Amino acid sequence: MKTIFTDYRKKNSRATMMIVVLSCLLMAVVDTYLIPGYFLKSTSKILLLAGVPVVYSLWNHDIRLTSVLESRRDGKSNFRTPLILGASVYVLILAVFILISGFVDLEQIKGTLSETLQVNSGNFFFVAAYIAIVNSLLEEFFFRGFAFLKLREWTSYGFSHVFSALAFALYHVAILKGWVSPLLTMAAILGLFGTGIFFNWLNERNGNIYNSYVVHMFANFAINTIGLHMYGIIRLPFL
């Protein structure tokens with residue numbers, strides 16, 4: 001019986017990890033080689049980060065993905081803490097950007113966005129809304145829901161933490177390529193790994209992705225604010 005249970009855990013954990021790795025690699029191919037417009041890239045992301053896990057869960061009934069979207073069993077959901085954390089993260093990201101702005105070439109980033117994703121000042125508000133609301137949910141569903149909360153049912157607590165956070169960090173390598181210097185890219189990857197661990201911790205108690213989703217939204221609000229500054233729509237202080 002113990003051997004059967006062990007094989008069962010191994011089968012589910014390996015399948016989950018394989019889906020995470022392959023989905024991230026395919027998105028890297030899309031970002032690096034196919035380089036579609038933003039609409040096609042977003043469609044690819046929805047299919048890989050949401051569609052593939054959902055199809056797998058329909059095939060393998062051991063994976064009940066709806067649980068990561070359910071509220072706590074006692075019906076109590078406290079959004080005060082994630083809102084405070086989110087606001088703090090928003091201020092922190094803007095403060096860090098102001099400090100390192102001399103090392104970030106916004107004109108190069110703007111040119112890259114225009115050339116590879118057809119993002120410009122005319123459609124940036126739409127893209128910003130998608131990034132904050134939809135993209136945050138996709139990444140939380142995939143990296144915190146599927147790659148952490150579900151994976152930890154089959155593997156150790158520590159392994160699921162590290163695997164999901166590492167996948168989250170490395171997933172962004174293709175996205176960050178060409179935006180900043182290699183040194184800042186490495187710093188960003190380490191920061192993303194730490195962010196992944198932190199987001200996992202936020203979701204542990206409730207067993208759903210809502211806490212990290214709120215904080216993730218605020219982080220993207222900060223990035224969108226930098227984007228508004230980049231396009232000259234607003235002006236950040238001290239810059």
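May I ask you to say which residue of Leu58, Leu47 is over 27 Å from Phe198 (Cβ atoms), surrounded by fewer than 13 Cβ atoms within 10 Å (Cβ to Cβ) and aliphatic (A, V, I, L, M)?
The match here is Leu58.
Give me the residue from region 61-77 that is surrounded by fewer than 16 Cβ atoms within 10 Å (Cβ to Cβ) and in contact with a helix residue (DSSP H, G or I) (Cβ under 9 Å, 6 or more places away or on another chain) and, out of that set, modelled with the lowest pLDDT.
Ser77
Let me spell it out: the conditions are (1) touching a Phe, Trp or Tyr at 6+ places or on another chain (Cβ under 9 Å); (2) of a type outside the set (Ser, Thr, Tyr); (3) under 25 Å from Pro182 (Cα atoms), and Ile100 meets all of them except one. Which number is the exception?
So Ile100 meets the others, but not (1).
Which condition from (1) outside any helix (DSSP H, G or I); (2) open to solvent by less than 60 Å² (accessible area, probe 1.4 Å); (3) in contact with a helix residue (DSSP H, G or I) (Cβ under 8 Å, 6 or more places away or on another chain) is the one that Gly232 breaks?
So Gly232 meets the others, but not (3).
Just one of Leu113, Leu138 is buried (at least 19 other Cβ atoms within 10 Å of the Cβ) and either hydroxyl-bearing (Ser, Thr, Tyr) or in a helix (DSSP H, G or I) (or both); which is it?
None of the other options fit; the residue is Leu113.
Could you please tell me which pairs satisfy a Cβ distance under 9 Å, a separation of 6+ or placement on different chains, a first residue in region 204-216 that is open to solvent by 40 Å² or more (accessible area, probe 1.4 Å), and a second residue that is among the hydroxyl-bearing types (Ser, Thr, Tyr) and part of a loop (DSSP other than H, G, I, E, B)?
Short answer, once both residue conditions are applied: Tyr210/Ser71; Tyr210/Ser77.
Please work out which one of (1) open to solvent by less than 40 Å² (accessible area, probe 1.4 Å); (2) in a helix (DSSP H, G or I) is the condition Ile223 fails and give its number.
All conditions are met except number (1).
Might you let me know whether region 64-76 holds any residue that is farther than 29 Å from Pro237 by Cα, among the β-branched types (Val, Ile, Thr) and under 22 Å from the mean Cα position of the chain (by Cα)?
Yes - at least one qualifying residue is present in region 64-76.
Which of the residues belonging to region 117-129 are surrounded by 16 or more Cβ atoms within 10 Å (Cβ to Cβ) and in a helix (DSSP H, G or I)?
Leu117, Phe124, Val127, Ala128, listed by residue number.
Hey, any hits in region 83-105 for a residue that's at pLDDT below 90, over 22 Å from Ala187 (Cα atoms) and exposed (fewer than 14 other Cβ atoms within 10 Å of the Cβ)? Don't jump to the end; show me each part of the working.
Within region 83-105, the subset at pLDDT below 90 is 100-105.
If we keep only those that are over 22 Å from Ala187 (Cα atoms) as well, we get none.
No, that holds for no residue.
Residues in region 152-160: is at least one basic (Lys, Arg), assigned to a helix (DSSP H, G or I), open to solvent by less than 20 Å² (accessible area, probe 1.4 Å) and within 21 Å of Ala15 (Cα to Cα)? Give the derivation first.
Looking only at region 152-160, we keep the residues that are basic (Lys, Arg), and these are 152.
Of the ones still in play, those that are also assigned to a helix (DSSP H, G or I) are 152.
Filter once more, keeping what is open to solvent by less than 20 Å² (accessible area, probe 1.4 Å): none.
Among the residues of region 152-160, not one is basic (Lys, Arg), assigned to a helix (DSSP H, G or I), open to solvent by less than 20 Å² (accessible area, probe 1.4 Å) and within 21 Å of Ala15 (Cα to Cα), which makes the answer no.
Taking region 163-175 as the search range and keeping residues that are of a type outside the set (Phe, Trp, Tyr), surrounded by 16 or more Cβ atoms within 10 Å (Cβ to Cβ) and assigned to a helix (DSSP H, G or I), which one is modelled with the lowest pLDDT?
This residue is Ala174.
Name the residues in region 5-44 that are under 13 Å from Ile175 (Cα atoms), over 17 Å from the mean Cα position of the chain (by Cα) and buried (at least 17 other Cβ atoms within 10 Å of the Cβ), would you?
none
The values are calculated or read from the model by the stated rules, or taken from the named source; none is laboratory data. This one's a predicted model, so the numbers in the text were calculated from it and none came from an experiment. We place every Cβ from the backbone using ideal geometry, glycine too, and count neighbours over all the protein chains shown. Keep in mind that these areas ignore ligands, DNA and RNA; they rest on the heavy atoms of the full protein, side chains included. Shrake-Rupley method; radii C 1.70, N 1.55, O 1.52, S 1.80 Å.
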